[in-house]
Amino acid sequence: MSEDFKTRDGSAWMPDYLTAIDGATCIGCGRCYKVCSRDVMHLYGVDDEGAILGICDEDEDDDFDGELNRMIMVVDKAGACIGCGACSRVCPKGCQTHVPAAALAA
Ligand code: SF4
Ligand code: SF4
């Protein structure tokens with residue numbers, strides 16, 4: 001399966017897909033979101049127990065009726081990832097899980 005992936009010049013290329021972000025470690029800095037061209041992840045609010053309250057609207061300052069404790073990045077469109085690896089290079093917390101395409105296909 002891995003030989004199916006190539007760069008434009010035909011060189012071997014192994015996509016490294018983002019599959020998860022550890023919500024306990026993520027600080028919601030947004031760096032991964034800014035570099036991703038595929039809209040794979042979004043900021044969500046979580047309460048004191050770490051339960052997800054909902055997606056954060058970029059245009060509104062929603063505190064989820066006072067329940068908001070902090071914000072974390074959630075991989076909510078994993079299927080859109082092209083495995084470029086840009087998000088892993090900018091994450092300051094090492095809280096992302098990436099899986100090579102060959103491992104997912106196996
Ligand atoms: S690997 Fe690339 S496409 Fe996938 S989530 Fe990260 S930045 Fe987006
Ligand atoms: S770059 Fe890392 S710490 Fe920052 S929001 Fe993304 S996953 Fe979380």
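The values are calculated or read from the model by the stated rules, or taken from the named source; none is laboratory data. Note that the coordinates shown come from a computational prediction; the quantities given were computed from them, not determined experimentally. Cβ sites come from the backbone with ideal geometry, for glycine too, and all protein chains shown count toward neighbours. Ligands, DNA and RNA are excluded from the accessible area calculation, which covers all protein heavy atoms including side chains. Shrake-Rupley method; radii C 1.70, N 1.55, O 1.52, S 1.80 Å.
Observations on the model:
- Of all residue pairs spaced 6 or more apart or on separate chains, those with beta-carbon atoms under 9 Å, a first member in the stretch 15-28 that is more than 12 Å from MET73 (Cβ to Cβ) and more than 8 Å from ligand 2 (Cβ to nearest atom) and a second member that is polar (S, T, N, Q) and open to solvent by 20 Å² or more (accessible area, probe 1.4 Å) are ASP16/SER88; THR19/GLN96; THR19/THR97.
- Residues located in the stretch 78-105, provided they are part of a loop (DSSP other than H, G, I, E, B) and either more than 20 Å from ARG31 (Cβ to Cβ) or more than 7 Å from ligand 1 (Cβ to nearest atom) (or both): CYS91, PRO92, LYS93, GLY94, CYS95
- Meets criteria (assigned to a loop (DSSP other than H, G, I, E, B) and either of a type in the set (D, E, K, R) or in contact (Cβ under 8 Å) with a residue 24 or more places away in the chain (or both)) for GLY50: yes
Each row is one residue, and each column tells you yes or no for (1) in contact with a Gly (Cβ under 7 Å, 6 or more places away or on another chain); (2) of a type in the set (Val, Ile, Thr).
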site	(1), (2)
MET14	no, no
LEU18	no, no
VAL40	no, yes
GLY45	yes, no
ASP59	no, no
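- For the stretch 32-54, residues that are more than 10 Å from ligand 1 (Cβ to nearest atom) and within 15 Å of ILE21 (Cα to Cα) total 8.
- Of all the numbered requirements in (1) crowded, with 17+ Cβ neighbours inside 10 Å; (2) more than 10 Å from ligand 2 (Cβ to nearest atom); (3) modelled with pLDDT of 95 or more, CYS56 misses one, and that requirement is (3).
- A single member of GLY66, GLY30 is open to solvent by 30 Å² or more (accessible area, probe 1.4 Å) and at positive phi, and it is GLY66.
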